[in-house]
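Undergrad: Pasting a structure here, questions to come.
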Amino acid sequence: MDTQHTFTIEQLETIERYLDHTMDAGEKVQFEAQLAKDTSLQEKVAEIRFLIETVETAALKSKLERFHESIKDSKASLIDAPKRTLIRRRSKSSIYAIAAILVVAFGVLYIMNAETSSEKLFAKHFIPDPGLPTTMSNTSNFDFYDAMVNYKRAEYDLAIAKWEKLLREKPQNDSLQYFLGVSYLAKGNGSLAEEYLQKLSNQPNSIFTNDAIFYRALALLKSGKAEQATQLLKANPSERNAKLLLDIK
Amino acid sequence: MGERQHIEKQFQIIEAIKNNNEFVLKKLYQDNFRKVEMHILKNNGTIPHAKDIYQEAFIAVWKNVKDDKFIPQSETAIQGYLYQIAKNKWTDFLRSSQYKKTISLHPLNTVSSEEIESETENLNWTSGVLMQDAMSVFNDMGDSCKQLLMQFYYQKKSMREIAQTLGIDEASARNKKYRCMQKLRRLVKTPN
């Protein structure tokens, strides 16, 4: 009975855009006009809103459990708890604590052993681009600068999601390609960073070209492609590139 | 001027909460728990009560922030708001039939800890029973759907990146997300 009212993939994605306020003004007006007269669409919006809320709340709740575990025991929490549960809970949490310490210790050892020299180089040289100044006056590019605010706050996932939406409309935009590349790099994703920064090599007149080469070299290093990074830096001499090149050798 | 800065900081916190910023949520949670716990323990509550009521209040605050129902007016607005909601929820619980029933059946101080555990589990989680059911349905879903949906809707990762970690192309990832949403919908509509 209900299955006939199910939503299509296009409807899901449109409604998602409506709910997270990423529709542009024109699409929003059109959508809201349709929404006003179409009761089945209203139902779908309510339903998808509910499902997304369910996912988000369940995710938050599992986070809260973890936040709670890491609140240290203090006298305040010992006031009137029955003794037996207290002892049980404490010994359990100390086992967890020991387990956690062991996991972290082995993790660190593993990472230290696995970390190649190019990883270290990356860590030494990578500083995210400071980003573009965000002023409130430029309303035509609101979405771009909105994501820039996220970028500056190091909320790279959000910035990426917003910019990738914009890139679908403007696939050749050099600012988008550049900042998407640097965002992925800041998150430690060398291969997607490389993919975006590579695109700027077709646009020699872009103001980002030189920076893009430097970050692309870092992206290659991040992915363990030191040889390619060296070649790229050699082909594009600059003071900054030379410094990095010196360290690779 | 100082006050203005503080309020600006509140707005930043609000923005971060809307974006599910883990660092900010964790700090807000941990910084304010003790005060709520103290209030509940001083007013006939137990440690499990304190945790449940506090988490319920925390989720309510988070929801209201997302829905723009909360606008900060002062420097410690959100912290005060969280405390107030937790306090109100505790008062409501003390007045509830659920609590009074416990008292009448068991004279104070003889209620075993197990019974308190089961009492607190029955507290209403979020916006009613429906959401609670839906959440347990979601929690029982297969791990791949759960992870994908949480990464997209909660962590707000891009479809492109999710696709990469799964080792599939973006179109397939979008398709998979769609199928997971359909599955969740079906399970919520017809439990069992």
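The values are calculated or read from the model by the stated rules, or taken from the named source; none is laboratory data. What you see is a predicted model, and the numbers here were worked out from it, not measured in a lab. Here the Cβ positions follow ideal geometry from the backbone for every residue, glycine too, while neighbour counts run over all protein chains shown.
Undergrad: Can you confirm whether A:Ser62 is modelled with pLDDT of 90 or more and either more than 7 Å from chain B (Cβ to nearest Cβ) or under 23 Å from the mean Cα position of the chain (by Cα) (or both)?
TA: Details: modelled with pLDDT of 90 or more: yes; either more than 7 Å from chain B (Cβ to nearest Cβ) or under 23 Å from the mean Cα position of the chain (by Cα) (or both): yes.
It is true that A:Ser62 is modelled with pLDDT of 90 or more and either more than 7 Å from chain B (Cβ to nearest Cβ) or under 23 Å from the mean Cα position of the chain (by Cα) (or both).
Undergrad: Please work out if A:Ala36 is surrounded by fewer than 12 Cβ atoms within 10 Å (Cβ to Cβ) and more than 26 Å from B:Lys146 (Cα to Cα). Walk me through it before giving the result.
TA: On the way: surrounded by fewer than 12 Cβ atoms within 10 Å (Cβ to Cβ): yes; more than 26 Å from B:Lys146 (Cα to Cα): yes.
Spelling it out, A:Ala36 is indeed surrounded by fewer than 12 Cβ atoms within 10 Å (Cβ to Cβ) and more than 26 Å from B:Lys146 (Cα to Cα).
Undergrad: Out of everything in the stretch B:164-190 that is more than 9 Å from every other protein chain (Cβ to nearest Cβ) and touching a residue at least 40 places away in the same chain (Cβ under 8 Å), what residue ends up being farthest from the chain's Cα centre (by Cα)?
TA: Filtering first and then ranking leaves B:Lys183.
Undergrad: So, in the stretch B:13-56, of the ones that are buried (at least 20 other Cβ atoms within 10 Å of the Cβ) and in contact with a Gly (Cβ under 9 Å, 6 or more places away or on another chain), which residue ends up farthest from B:Phe70 (Cα to Cα)?
TA: Step by step, filter the stretch B:13-56, then rank; the result is B:Glu37.
Undergrad: Scan the stretch A:122-136 and tell me whether some residue there is modelled with pLDDT under 80, among the polar types (S, T, N, Q) and surrounded by fewer than 16 Cβ atoms within 10 Å (Cβ to Cβ).
TA: yes
Undergrad: When A:Ser201 is evaluated against the numbered criteria (1) under 18 Å from A:Lys225 (Cβ atoms); (2) under 20 Å from the mean Cα position of the chain (by Cα), which criterion, by number, is the only one it fails?
TA: With respect to (1) under 18 Å from A:Lys225 (Cβ atoms); (2) under 20 Å from the mean Cα position of the chain (by Cα), A:Ser201 is out only on (2).
Undergrad: Something else: Any residue in the stretch A:162-173 that is crowded, with 16+ Cβ neighbours inside 10 Å, modelled with pLDDT of 75 or more and farther than 30 Å from A:Asp20 by Cβ?
TA: Within the stretch A:162-173, not a single residue is crowded, with 16+ Cβ neighbours inside 10 Å, modelled with pLDDT of 75 or more and farther than 30 Å from A:Asp20 by Cβ.
Undergrad: How many of the residues in the stretch A:147-161 are buried (at least 17 other Cβ atoms within 10 Å of the Cβ) and part of a helix (DSSP H, G or I)?
TA: First, the residues of the stretch A:147-161 that are buried (at least 17 other Cβ atoms within 10 Å of the Cβ): A:147-148, A:150-151, A:155-161.
Remaining after also requiring part of a helix (DSSP H, G or I): A:147-148, A:150-151, A:156-161.
Total meeting the criteria: 10.
Undergrad: Next question. Would you call B:Gln84 modelled with pLDDT of 90 or more, surrounded by fewer than 16 Cβ atoms within 10 Å (Cβ to Cβ) and not acidic (Asp, Glu)?
TA: Details: modelled with pLDDT of 90 or more: yes; surrounded by fewer than 16 Cβ atoms within 10 Å (Cβ to Cβ): yes; not acidic (Asp, Glu): yes.
In short, yes.
Undergrad: Could you look through the stretch A:46-59, keep only residues that are crowded, with 19+ Cβ neighbours inside 10 Å and of a type in the set (A, V, I, L, M), and pick out the one that is farthest from the other protein chains (Cβ to nearest Cβ)?
TA: Looking at the filtered set, the residue picked out is A:Ile48.
Undergrad: Would you pick out the residues in the stretch A:193-218 that are touching a Phe, Trp or Tyr at 6+ places or on another chain (Cβ under 7 Å) and either crowded, with 21+ Cβ neighbours inside 10 Å or basic (Lys, Arg) (or both)?
TA: Passing the criteria: A:Ala193, A:Tyr196, A:Leu197, A:Leu200, A:Ala212, A:Leu218.
Undergrad: Further question on the same structure: Of the residues in the stretch B:40-72, how many are closer than 30 Å to A:Tyr18 by Cα, touching a residue at least 60 places away in the same chain (Cβ under 8 Å) and in a loop (DSSP other than H, G, I, E, B)? Can you show your working first?
TA: Initially, the stretch B:40-72 is screened for residues closer than 30 Å to A:Tyr18 by Cα, giving B:55-72.
After this cut, where a residue has to be touching a residue at least 60 places away in the same chain (Cβ under 8 Å) as well, the list is B:56, B:59-60, B:63, B:72.
Filter once more, so that each one left must be in a loop (DSSP other than H, G, I, E, B): B:72.
Qualifying residue count for the region: 1.
Undergrad: Filter the stretch B:156-180 down to the residues that are polar (S, T, N, Q) and surrounded by fewer than 18 Cβ atoms within 10 Å (Cβ to Cβ) and list them by number. Walk me through how you get there before you give the answer.
TA: The first filter runs over the stretch B:156-180 and keeps only residues polar (S, T, N, Q), leaving B:158, B:164-165, B:172, B:175.
Passing the criteria: B:Thr165, B:Ser172, B:Asn175.
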